[in-house]
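The values are calculated or read from the model by the stated rules, or taken from the named source; none is laboratory data. Treat the numbers as computed from the prediction; the structure is a model and nothing was measured. For neighbour counting, all protein chains shown are included, and Cβ atoms are generated from backbone atoms with ideal geometry for every residue, glycine included. Please note that ligands, DNA and RNA were not included when accessible areas were found on the heavy atoms of the full protein model with its side chains. Shrake-Rupley method; radii C 1.70, N 1.55, O 1.52, S 1.80 Å.
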Amino acid sequence: MRARLLTAAALAFALVAPHAQAAVSDYTSFLVFGDSLSDNGNLYAAQGGDANPDAIPTSPPYYKGRFSNGPVWAEHVADAFTAAGHFSANFAFGKADALTNADPVPDLGTQIGLFAANVPQVVLGNRPLASVWFGANDLFDALDANVADIGASGRAAADGVAAGIMALAQSGITDFLVPNLADLGKTPFYTLFEPQNSAAATAGTNAFNLELALNIAKLRSSGLNITALDTSSLFDEIRLDPAAFGLTDTTTPCVVPGVSVCDPAMFDKLAFFDWVHPNRIVHQVIADRVIEALNAAPVPLPASALLLGLGLAGLGGLRRLAVRRV
């Protein structure tokens with residue numbers, strides 16, 4: 001299976017359309033590393049896609065191998081890059097972790113290897129932007145294993161994200177988009193199906209987000225340009241006022257995998273398309289927030305200052321297939 005995954009990822013370039021060109025005018029290409037929140041169909045294609053009735057996620061009701069009912073946020077952002085004449089590539093896979101595990105799904109380290117092996121530097125231009133969004137699956141794994149210290153698992157995953165960013169920086173990438181995690185304890189999976197683990201899921205999320213914020217500060221001090229995206233606060237906004245986003249429900253999943261699917265008329269009304277994945281409306285909101293954040297991104301450091309920062313950088317202490325996996 002791994003060979004098929006690698007082949008699919010090597011050619012998995014984002015489909016694009018015009019969108020928010022102003023936000024990408026300062027960048028020259030867009031690379032996506034992540035899990036199912038960013039996967040534009042890579043995992044589905046690697047399993048055979050429509051030719052395999054057992055391919056995950058089941059499509060339909062999922063949209064063409066996305067873990068939602070429409071394009072994911074990364075596709076909307078890639079549209080903006082392609083509309084501006086820039087290259088984009090998506091290496092995200094559903095079920096991927098920040099830290100490497102034993103399953104055949106390409107985790108962050110493997111995704112970076114796929115990028116290095118398949119994308120020539122010449123297409124990236126002089127200011128590529130890389131999105132790195134991981135952490136949920138690492139926490140799901142820890143919760144499933146009933147680890148004694150879920151906080152330690154969250155911190156280790158955040159350190160894995162930082163290590164991946166440093167590895168990408170060694171290839172010459174200096175601009176990164178790094179989202180944090182929405183509160184996993186407030187997803188339908190934990191509020192409705194495993195309420196006994198909801199508090200632990202929240203604790204793990206909080207530990208991850210705090211460590212990630214600390215790591216982002218270190219990465220910035222090393223000379224990297226990090227645009228942080230506070231998806232935790234965004235999901236809190238959606239829960240507090242779903243009507244402002246055209247939604248009616250933030251607690252009920254539309255799809256319970258293998259059990260039920262809601263009325264298709266509700267696909268765009270329920271914030272969660274399944275028990276952990278948002279619907280296409282929320283993905284569009286995420287994309288809009290990304291564009292806003294990129295528009296507000298600071299001017300990069302001069303090259304000499306960047307090289308000095310990377311030379312002195314020392315993060316230190318970097319640590320290391322159920323359907324609900326993100």
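Quickly run through region 47-71 and pick out the residues that are touching a Pro at 6+ places or on another chain (Cβ under 9 Å) and open to solvent by less than 40 Å² (accessible area, probe 1.4 Å).
Passing the criteria: Ile56, Pro57, Pro61, Gly65, Arg66, Phe67, Ser68, Asn69.
Based on this model, can you work out whether Ala102 counts as of a type in the set (A, V, I, L, M, F, W, C) and over 17 Å from the mean Cα position of the chain (by Cα)?
Values: of a type in the set (A, V, I, L, M, F, W, C): yes; over 17 Å from the mean Cα position of the chain (by Cα): yes.
Yes; evaluated as a whole, the condition is true for this residue.
Can you find, within region 200-221, the residue that is most open to solvent (accessible area, probe 1.4 Å) among those that are under 17 Å from the mean Cα position of the chain (by Cα) and of a type in the set (A, V, I, L, M)?
Applying the filter and picking the extreme gives Ala213.
Report yes if Ala157 is under 30 Å from Pro120 (Cβ atoms) and open to solvent by less than 10 Å² (accessible area, probe 1.4 Å), otherwise no.
On the way: under 30 Å from Pro120 (Cβ atoms): no; open to solvent by less than 10 Å² (accessible area, probe 1.4 Å): yes.
No; evaluated as a whole, the condition is false for this residue.
Among Phe189, Phe140, Phe176, which is outside any helix (DSSP H, G or I) and not aliphatic (A, V, I, L, M)? Spell out the reasoning first.
Working: Phe189 fails: outside any helix (DSSP H, G or I); Phe140 fails: outside any helix (DSSP H, G or I).
So the residue among Phe189, Phe140, Phe176 that is outside any helix (DSSP H, G or I) and not aliphatic (A, V, I, L, M) is Phe176.
Condition test on Val24, is it at pLDDT 95 or above, among the aliphatic types (A, V, I, L, M) and either in contact with a His (Cβ under 8 Å, 6 or more places away or on another chain) or under 26 Å from Leu184 (Cβ atoms) (or both)?
On the way: at pLDDT 95 or above: no; among the aliphatic types (A, V, I, L, M): yes; either in contact with a His (Cβ under 8 Å, 6 or more places away or on another chain) or under 26 Å from Leu184 (Cβ atoms) (or both): yes.
No.
Can you confirm whether region 48-64 contains a residue that is part of a loop (DSSP other than H, G, I, E, B), of a type in the set (A, V, I, L, M, F, W, C), over 25 Å from Phe208 (Cα atoms) and under 20 Å from the mean Cα position of the chain (by Cα)?
Keep residues of region 48-64 that are part of a loop (DSSP other than H, G, I, E, B), which gives 48, 52-64.
Those still in the list that are of a type in the set (A, V, I, L, M, F, W, C) too: 55-56.
If we keep only those that are over 25 Å from Phe208 (Cα atoms) too, we end up with 55-56.
Subset that is under 20 Å from the mean Cα position of the chain (by Cα): 56.
Scanning region 48-64 turns up at least one residue that is part of a loop (DSSP other than H, G, I, E, B), of a type in the set (A, V, I, L, M, F, W, C), over 25 Å from Phe208 (Cα atoms) and under 20 Å from the mean Cα position of the chain (by Cα).
Considering only region 247-265, state which residues are open to solvent by 40 Å² or more (accessible area, probe 1.4 Å) and either under 17 Å from Pro71 (Cα atoms) or assigned to a strand (DSSP E or B) (or both). First the steps, then the outcome.
Taking region 247-265 first, the residues open to solvent by 40 Å² or more (accessible area, probe 1.4 Å) are 248, 251-252, 258-261, 263-265.
Of everything in region 247-265, those that are open to solvent by 40 Å² or more (accessible area, probe 1.4 Å) and either under 17 Å from Pro71 (Cα atoms) or assigned to a strand (DSSP E or B) (or both) turn out to be Ser260, Val261, Pro264.
Take the residues in region 222-240 that are out of contact with any helix residue (DSSP H, G or I) (no Cβ under 7 Å at 6 or more places or on another chain) and either of a type in the set (Gly, Ala, Ser) or assigned to a strand (DSSP E or B) (or both), then tell me which one is surrounded by the fewest Cβ atoms within 10 Å (Cβ to Cβ).
Applying the filter and picking the extreme gives Ser233.
Mind checking which pairs have a first residue in region 188-208 that is under 9 Å from Ile150 (Cβ atoms) and a second that is of a type outside the set (Gly, Ala, Ser) and open to solvent by 40 Å² or more (accessible area, probe 1.4 Å), Cβ under 7 Å, 6 or more apart or different chains?
If the second residue must be of a type outside the set (Gly, Ala, Ser) and open to solvent by 40 Å² or more (accessible area, probe 1.4 Å), the pairs left are Ala207/Arg155.
The rows are residues; the columns are (1) assigned to a helix (DSSP H, G or I); (2) hydrophobic (A, V, I, L, M, F, W, C); (3) at pLDDT 95 or above; (4) open to solvent by 40 Å² or more (accessible area, probe 1.4 Å).
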| residue | (1), (2), (3), (4) |
| --- | --- |
| Ala92 | no, yes, yes, no |
| Lys95 | no, no, yes, no |
| Ala98 | no, yes, yes, no |
| Asp103 | no, no, no, no |
| Pro106 | no, no, yes, no |
| Gln111 | yes, no, yes, no |
| Leu114 | yes, yes, yes, no |
| Asn126 | no, no, no, yes |
| Ala130 | no, yes, yes, no |
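If I go through region 76-88 residue by residue, how many of them are of a type in the set (A, V, I, L, M), touching a helix residue (DSSP H, G or I) at 6+ places or on another chain (Cβ under 7 Å) and open to solvent by less than 10 Å² (accessible area, probe 1.4 Å)?
Applying the first criterion (of a type in the set (A, V, I, L, M)) to region 76-88 yields 77-78, 80, 83-84.
After this cut, where a residue has to be touching a helix residue (DSSP H, G or I) at 6+ places or on another chain (Cβ under 7 Å) as well, the list is 77, 80, 83-84.
Next, from what is left, pick out any that are open to solvent by less than 10 Å² (accessible area, probe 1.4 Å): 77, 80.
Number satisfying all stated conditions: 2.
Return the only residue of Leu177, Leu181, Leu214, Leu229 being within 27 Å of Leu31 (Cα to Cα), modelled with pLDDT of 95 or more and in contact with a Gly (Cβ under 8 Å, 6 or more places away or on another chain). Break it down stepwise before answering.
Details: Leu177 fails: in contact with a Gly (Cβ under 8 Å, 6 or more places away or on another chain); Leu214 fails: in contact with a Gly (Cβ under 8 Å, 6 or more places away or on another chain); Leu229 fails: in contact with a Gly (Cβ under 8 Å, 6 or more places away or on another chain).
Unique residue meeting the criteria: Leu181.
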